[in-house]
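Heads up: the structure comes next, in structure tokens.
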Amino acid sequence: MIEITLPDGSVKEFPKNSTPMDVAKSISEGLARNVISASFNGTTVETATPLTTDGNLTLFTWNDAAGKKAFWHSSAHVLAQALEELYPGVKLTIGPAIDNGFYYDVDPGDQSISEKDFPAIEKKMLDIARGKYDYRMRSVTKAEALDYYKKQHNEYKVELIENLEDGTITFCDHSTFSDLCRGGHIPNTGIIKAVKLLNTAGAYWRGNENNKQLTRIYGISFPKQKELTEYLHLLEEAKKRDHRKLGKELELFTFSPKVGQGLPLWLPKGAALRERLENFLKKAQKKAGYEQVVSPHIGQKELYVTSGHYAKYGEDSFQPIHTPHEGEEFLLKPMNCPHHCEIYNARPWSYKELPKRYAEFGTVYRYEQSGELHGLTRVRGFTQDDAHIFCTPDQLDAEFKNVIDLVLYVFGSLGFENFTAQVSLRDPENPGKYIGSNENWEKAEQAIINAAKEKGLNYVIETGEAAFYGPKLDFMVKDALGRSWQLGTIQVDYNLPERFDLSYKGSDNELHRPVMIHRAPFGSIERFVAILLEHTAGNFPLWLMPDQAIILSISEKYEKYAEKVLNLLENYEIRALIDNRNETIGKKIREAEMNKIPYMLIVGENEEKEGTISVRKHGEGDLGAITVDAFAKIVEEEINRTLKQF
């Protein structure tokens, strides 16, 4: 017999070689019908995997993220089988699950696969799924695996296998199809009831631009047709909210091939929007005791060698800039933190002067591959709302909690109310990914967990998601469409202070090492604006809107009164403009609605005579005729409701 511990802490005995499905059946037939994946002692297993030792078992359904991952990974196998049957000679490479669905990268050879082929591929996938074929894992030797794919002339799988150790290689079989796979599948193909292929894209083999470009096919699948229908509806809504589309319509930003891919150009309205976001945070930071600093856009290569960034990201960064001076190399700044370490190092400090809180809206540059660039969410040059706090170990807890308060203030003022905090820890199985001692890592990880608990955050722990220099607290925000985004991060770092030999004089008159906190509530201004655009559909909070009101004159006779109204609004610091074009009032209103201007102020004969404005609110309609003073109070009250106090 073996003892199985369930997530609620209960322990049950089962015969050796019982499967996760056997455990599910022992709990209830209903659970057994819904279980599609499992984890045993932290490792993903099949529902049919024999359990041979005592251990912790977690059962997953479609409602769990791990369940969806298994479902979509299994669907990628079905896509691969369909492609092999429809396109003889196609070479398969990799097909993982992603946040929403799955993809498979294939080399179609002389054939082409495009979106017009999707209906036939989807039909073939559903035909396969209806066969209710079991997914079965089997171990193979390295020689057997290589022989299998060499016979298929699949150099991609051969390359993958050559990098694997003998004794660790497994295949997954279903129907007549086999694929190199580590595991993590649903019980059988019959659970897949609805499939939709979404788009194709080019993808270089192993992400290397020097390798062949493959065809990547994206898809999604569901256990019910109704769920696919709902998802496609959300997808259509997401297209309407696409920040690239809205950014163009609202004249916020643009891109130019002459300037370069992934380098956004902010138009006047977008630049003003950025400035308001920056001023909003600067005001809160000043109250919280931050000091503004400015660092250059480049730094000597040695700076990033010292910090460890060059070793970790050097190959993926822009290449060094060589000066006329022999041996002198500079890099475009990939991170602000090394510069801030040197600002701290500019003079000696006493414990009485700490903490020091340095803040900067610092622009950084990272060479993202062209295929991964996407509007403002993935760019090559972006501005981080970066700050670094240098404190004593005794101050760490309070400082970390204060940063959490600042992040919550930002979210509250911008309408992000649905979020989860993610405690991102290192992967104990892969220590080579990180720098620093175990002792420092343990202290830093515990500090974050304690702060999340004490602030009452709804948090989850994710192993392996830490930065290379320290653990972090990431905020995963759900937008209006239920999509999850990582916004805002706080990181505890004992390692950079070591690398830069940072110190302060303690009460014992000895030198001590400060602790460093990295934090960025927005993350990057570019990505934050993109997510905010899609979350609000361009209907920003009133305090942030580029234009808060537009004055619509019925005819040119009332232009002077319109100008008088504009001057009065400026006295109240209300951002407004006048539309005095020779167009009908109906057309002016429609265009103002399309441009998402919050308030339309209509002026004509009656308004001029009474000294009023007829107010119309975007998306709501007429509010009636009132004075400019009364309108200013409406604006003030709305801003006060949305813009939280810090």
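The values are calculated or read from the model by the stated rules, or taken from the named source; none is laboratory data. Please read these numbers as outputs of a predicted model, since none were measured by experiment. Ideal geometry is used to build each Cβ from the backbone, glycine not excepted, and the neighbour counts take in all protein chains shown.
Which of the residues that make up segment 240-261 are in contact with a Phe, Trp or Tyr (Cβ under 8 Å, 6 or more places away or on another chain) and not hydrophobic (A, V, I, L, M, F, W, C)? The answer is GLY247, GLN261.
Across segment 544-570, the qualifying residues are those that are without any contact (Cβ under 8 Å) to a residue 24 or more places away in the chain and within 28 Å of GLU278 (Cβ to Cβ), and the one among them that is farthest from the chain's Cα centre (by Cα) is ASN567.
When you look at GLY456, is it assigned by TED's automatic domain parsing to the domain that holds LEU406, part of a loop (DSSP other than H, G, I, E, B) and over 17 Å from the mean Cα position of the chain (by Cα), yes or no?
Working: assigned by TED's automatic domain parsing to the domain that holds LEU406: yes; part of a loop (DSSP other than H, G, I, E, B): yes; over 17 Å from the mean Cα position of the chain (by Cα): yes.
Yes, satisfied.
Could you name every one of the helices (runs of 4 or more DSSP H) located completely within segment 179-298 that has at least 2 residues being more than 26 Å from ARG366 (Cβ to Cβ)? I'd like the intermediate steps shown before the answer.
Values: elements: 225-240, 243-249, 268-287.
Passing ranges, in order: 225-240, 268-287.
For segment 145-168, what are the residues that are over 32 Å from the mean Cα position of the chain (by Cα) and either among the hydroxyl-bearing types (Ser, Thr, Tyr) or not in a helix (DSSP H, G or I) (or both)?
Looking only at segment 145-168, we keep the residues that are over 32 Å from the mean Cα position of the chain (by Cα), and these are 145-155, 158, 162, 165-168.
The answer is TYR148, TYR149, GLN152, HIS153, ASN154, GLU165, ASP166, GLY167, THR168.
For TYR504, the requirement of being of a type outside the set (A, V, I, L, M, F, W, C) and at pLDDT 95 or above is met.
If you go through segment 121-147, how many residues are of a type outside the set (Lys, Arg) and out of contact with any helix residue (DSSP H, G or I) (no Cβ under 7 Å at 6 or more places or on another chain)?
Filtering segment 121-147 down to residues of a type outside the set (Lys, Arg) leaves 121-122, 125-129, 131, 133-135, 137, 139-141, 143-147.
Narrowing the set further to residues that are out of contact with any helix residue (DSSP H, G or I) (no Cβ under 7 Å at 6 or more places or on another chain) leaves 122, 126-127, 134, 137, 139-141, 143-144, 147.
Of the residues in that region, 11 qualify.
Can you name the strands (runs of 3 or more DSSP E) wholly within segment 1-82 that have at least 2 residues being within 37 Å of the chain's Cα centre (by Cα)? Because the criterion is at least 2 residues that are within 37 Å of the chain's Cα centre (by Cα), the strands (runs of 3 or more DSSP E) in segment 1-82 that meet it are 2-5, 37-40, 43-45, 55-60.
Considering each of HIS233, HIS174 in turn, give the residue that is surrounded by 13 or more Cβ atoms within 10 Å (Cβ to Cβ) and either at pLDDT 95 or above or not basic (Lys, Arg) (or both).
Answer to the check: HIS174.
Checked against the criterion of being acidic (Asp, Glu), within 28 Å of TRP62 (Cα to Cα), in contact with a His (Cβ under 8 Å, 6 or more places away or on another chain) and not in a helix (DSSP H, G or I), segment 92-102 has no qualifying residue.
Among the strands (runs of 3 or more DSSP E) confined to segment 318-399, the ones with at least 3 residues that are within 26 Å of the chain's Cα centre (by Cα) are located at 356-365, 381-391. Just to verify a result, which residue in segment 262-273, among those that are touching a strand residue (DSSP E or B) at 6+ places or on another chain (Cβ under 6 Å) and in contact (Cβ under 8 Å) with a residue 24 or more places away in the chain, is surrounded by the most Cβ atoms within 10 Å (Cβ to Cβ)? Among those that are touching a strand residue (DSSP E or B) at 6+ places or on another chain (Cβ under 6 Å) and in contact (Cβ under 8 Å) with a residue 24 or more places away in the chain, it is PRO264. Only one of the numbered conditions (1) buried (at least 22 other Cβ atoms within 10 Å of the Cβ); (2) modelled with pLDDT of 90 or more is violated by TYR494, and that is (2). Based on what the data block shows, is VAL477 touching a Leu at 6+ places or on another chain (Cβ under 7 Å), farther than 27 Å from ALA346 by Cβ, surrounded by fewer than 23 Cβ atoms within 10 Å (Cβ to Cβ) and not hydroxyl-bearing (Ser, Thr, Tyr)? So VAL477 fits the description; yes.
Taking residues in segment 316-330 that are within 9 Å of LYS301 (Cα to Cα) and surrounded by 12 or more Cβ atoms within 10 Å (Cβ to Cβ), and partners anywhere that are at pLDDT 85 or above and of a type in the set (Lys, Arg), the pairs with Cβ atoms closer than 6 Å and at least 6 places apart or on different chains are PRO320/LYS301; GLU329/LYS301.
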